[in-house]
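Written out below as structure tokens is the structure these notes cover.
Computed from the coordinates by the stated procedures, all read-outs in this text should not be read as laboratory data. Keep in mind that this is a model prediction, so the values were computed, not measured. FYI the Cβ positions are ideal-geometry reconstructions off the backbone, even for glycines, and counts take in every protein chain you see.
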Amino acid sequence: MRAPLQTALLWRTPLVCVVGVHRIGAEAKLDSSKWMDRDVVVKQRLVKGYRHPELDRSLQSFRIRNEVRLMLEARRAGISVPIVYTVDLDGSKIVMEEIPGIRVKDALQDPKTDGSDVCVKIGEIAGRLHANDIVHGDLTTSNMLLDGNRIVLIDFSLGQKSSEIEDKGVDMHLLEEAFRSAHHSRGELYDIVKESYAESYADGAKVLRKVAEIERRGRYTRKE
């Protein structure tokens with residue numbers, strides 16, 4: 001049985017104000033705000049009207065708990081993630097540190113940026129995640145923020161704990177597809193990510209072989 005969320009994360013202090021909207025997605029919206037004189041991001045999962053209210057509350061609570069647990073585990077594994085200050089399960093909210101950096105996606109699209117050091121770090125992050133059986137679920141450069149010299153990984157809402165090579169392969173396949181899509185003119189960058197990943201994670205070569213298998217399955221399905 002998993003341990004409950006740390007009591008330090010219980011919702012105790014009200015938000016002062018909402019000062020801006022970061023993003024509204026299919027599952028959640030993110031707002032800039034203030035909490036105990038700190039600049040924070042408030043992530044609120046959206047109510048799904050087509051679900052029974054009790055089922056929706058249960059699912060939202062589970063997903064929030066899961067996301068926060070994965071963030072805490074990632075931090076313990078030495079991966080930079082936003083600090084989670086507090087959680088409001090009734091309001092389906094997570095209050096976390098606001099990271100001042102830019103998306104890694106945007107940084108790598110700048111032709112004046114070398115990108116190799118960043119890609120080494122991406123491979124190390126992915127390797128450390130998988131070495132600790134954390135599957136991010138949406139491992140793309142859009143969910144990485146560059147804050148000075150560090151990369152901060154965000155949005156664990158689709159993540160899970162898994163030791164399965166298949167699940168880790170899907171994670172890395174998604175990252176490769178993200179590079180092909182967003183950074184297609186700089187194909188050499190993902191080679192750096194793969195090399196760093198294999199060096200950072202003992203089973204990295206197995207996972208990368210699984211990625212190749214997943215790609216072959218995808219091509220076969222598209223032909224059908």
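Cross-link reach is defined here as a Cα-Cα straight distance under 17 Å, omitting same-chain residues fewer than 8 places apart; for LYS161 the aspartates and glutamates meeting it are GLU67, GLU73, ASP133, ASP138, ASP171, ASP203. Highest-first packing order for the peptide set 91-99, 203-211 is 91-99, 203-211, based on the mean count of other beta carbon atoms within 10 Å. Considering only alpha-carbon pairs that sit under 8 angstrom and 6 or more positions apart, the relative contact order computed for segment 102-223 is 33 percent. Once the convex hull of all Cα atoms in segment 102-223 is built, its volume per residue stands at 99 Å³. Once the Kirkwood radius over Cα pairs is known for segment 116-160, the Stokes-Einstein relation at 4 °C and 1.567 mPa s delivers a diffusion coefficient of 120 µm²/s.
Straight-line cross-link partners of LYS29 among the lysines, defined as a Cα under 19 Å from its Cα and at least 8 positions apart when in the same chain: LYS43, LYS48, LYS93.
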